[in-house]
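The values are calculated or read from the model by the stated rules, or taken from the named source; none is laboratory data. Predicted model only: the values in this text are computed from it and were never measured. Here the Cβ positions follow ideal geometry from the backbone for every residue, glycine too, while neighbour counts run over all protein chains shown.
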Amino acid sequence: MKSDQSNIKKAVKYLNRDMCIGIPTETVYGLAGNAYSGKAVKKIFRLKKRPISNPLIVHYPNIKFLKKDCMINQNFLRLYKKFCPGPITFVLKLKKKSKISKIVTNNKKTLAIRFPKHKILKKLLSKLDFPLAAPSANISTRVSAVKSSDVKEDFGKKIKFVLEGGQSKIGLESTIIDLTKTPKILRLGGLEVSKIFKILNCKIKININPKIKKAPGQSNLHYSPGIPLRMNIEKPKKNEAYIVLKKKKTSQSNYFYLSKNNNLYEAAKNLYLTLRKIKKKGYKSIAVAKIPNFGIGQSINDRLKRASRF
Ligand code: TXA
Ligand code: MG
């Protein structure tokens with residue numbers, strides 16, 4: 001579309017000037033800046049109120065570009081062939097000659113990278129001569145953004161531009177796998193871990209709640225709607241918002257359903273939107289009915305659990 005083209009042009013202009021902008025991805029919206037520019041990356045941390053110790057994900061258009069900055073290995077190639085572009089982030093070793101700003105990684109020797117699938121973002125990446133550092137476009141610890149209006153709600157006039165890309169199709173952040181040693185899942189997310197296990201013929205650890213926190217998605221206070229949330233509830237309290245997977249016949253005004261027909265992918269897509277909606281309506285607490293704990297349901301439950309630690 002013509003408007004997409006002119007929006008992409010604007011995005012290129014801002015990014016080339018070391019500014020931060022909102023970008024759409026298939027998982028959630030990101031707050032993006034030039035990953036080679038310390039100036040741009042510092043702005044991301046400041047805007048998000050994110051501790052400098054918490055490294056960012058860098059988004060690449062293709063493997064050729066990635067090879068300038070990171071070392072790749074067999075496990076990476078296997079997963080890349082099957083799932084990229086898509087909702088999976090890899091932690092890889094940085095090359096010595098990499099141009100990635102040291103602020104992105106907080107001086108670490110590893111880098112989290114991904115190849116997003118969103119068409120408009122792919123187009124934007126193909127027009128840049130740097131990759132994009134982009135954490136989720138929300139204030140630290142809060143619910144991620146899945147629409148351009150969510151990004152504007154969180155950052156207001158603090159950012160000049162959000163690239164319009166419609167509602168994120170997946171609605172949960174990418175699954176993170178560390179491939180620097182024995183493969184290790186660091187965050188559950190948009191790609192089911194069972195699919196990853198099938199491709200890698202080796203043992204994989206799941207380390208989503210480590211003592212030493214490696215990923216912020218692992219921190220206790222995260223994905224919080226800003227009001228208390230209780231899980232696995234059969235009957236909500238009178239004035240509580242009640243989230244259910246499927247619309248009930250006996251729905252009341254405080255009932256919010258995630259899917260029309262029990263579909264867990266649809267539920268994932270609607271989760272953050274629903275949490276934001278409930279908060280805006282002025283509810284003081286949320287109860288959530290049981291969500292099946294398999295496939296993408298595992299990732300939904302992971303986010304709810306963290307949100308419930310508010
Ligand atoms: O779907 C997504 O991944 C979204 C979209 C915008 O791409 N991005 C996202 O970024 O969720 P963020 O910053 O909210 O989460 C990045 C995660 C954090 O948990 C961070 O600790 C982890 O990636 N991470 C980044 N670099 C790492 C590294 N070198 N080793 C281990 N974990 C790392
Ligand atoms: Mg985040």
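Restricting the search to segment 117-139, which residues are within 6 Å of ligand 1 (Cβ to nearest atom) and part of a loop (DSSP other than H, G, I, E, B)?
Within segment 117-139, the subset within 6 Å of ligand 1 (Cβ to nearest atom) is 134-136.
Once the filter is applied, which keeps residues that are within 6 Å of ligand 1 (Cβ to nearest atom) and part of a loop (DSSP other than H, G, I, E, B), segment 117-139 yields Ala134, Pro135.
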Within segment 136-167, can you find the residues that are away from ligand 2 (no atom under 12 Å from the Cβ), touching an Asp or Glu at 6+ places or on another chain (Cβ under 6 Å) and either aliphatic (A, V, I, L, M) or within 27 Å of Pro228 (Cβ to Cβ) (or both)?
none
Scanning segment 78-92 for residues that are assigned to a strand (DSSP E or B) and of a type in the set (A, V, I, L, M, F, W, C), the one farthest from Leu186 (Cα to Cα) turns out to be Leu92
For segment 5-22, state whether one or more residues are within 16 Å of ligand 2 (Cβ to nearest atom), touching a residue at least 60 places away in the same chain (Cβ under 8 Å) and of a type in the set (Val, Ile, Thr).
no
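Would you mind finding the one in Lys43, Lys49, Lys10, Lys82 that is at positive phi and surrounded by fewer than 24 Cβ atoms within 10 Å (Cβ to Cβ)?
On the way: Lys43 fails: at positive phi; Lys10 fails: at positive phi; Lys82 fails: at positive phi.
One residue alone meets the criteria, Lys49.
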All positions within segment 93-110 that are in a loop (DSSP other than H, G, I, E, B) and either more than 10 Å from ligand 1 (Cβ to nearest atom) or touching a Gly at 6+ places or on another chain (Cβ under 7 Å) (or both)
Lys95, Lys96, Lys97, Ser98, Lys99, Ile100, Ser101, Asn107
Considering residues of segment 19-77 that are of a type in the set (Phe, Trp, Tyr) and in a loop (DSSP other than H, G, I, E, B) only, the residue nearest to Lys184 (Cα to Cα)
Tyr60
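Would you point out which residue out of Ile185, Ile113 is surrounded by fewer than 20 Cβ atoms within 10 Å (Cβ to Cβ) and within 12 Å of ligand 1 (Cβ to nearest atom)?
Working: Ile113 fails: surrounded by fewer than 20 Cβ atoms within 10 Å (Cβ to Cβ).
None of the others qualify; the one that does is Ile185.
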Among all residue pairs at least 6 apart or on different chains, which show Cβ distances below 8 Å where the first residue, located in segment 142-156, is part of a loop (DSSP other than H, G, I, E, B) and the second is of a type in the set (A, V, I, L, M, F, W, C) and modelled with pLDDT under 95?
Val143/Ala307
The number of residues in segment 264-294 that are among the small types (Gly, Ala, Ser) and in a loop (DSSP other than H, G, I, E, B) is 3
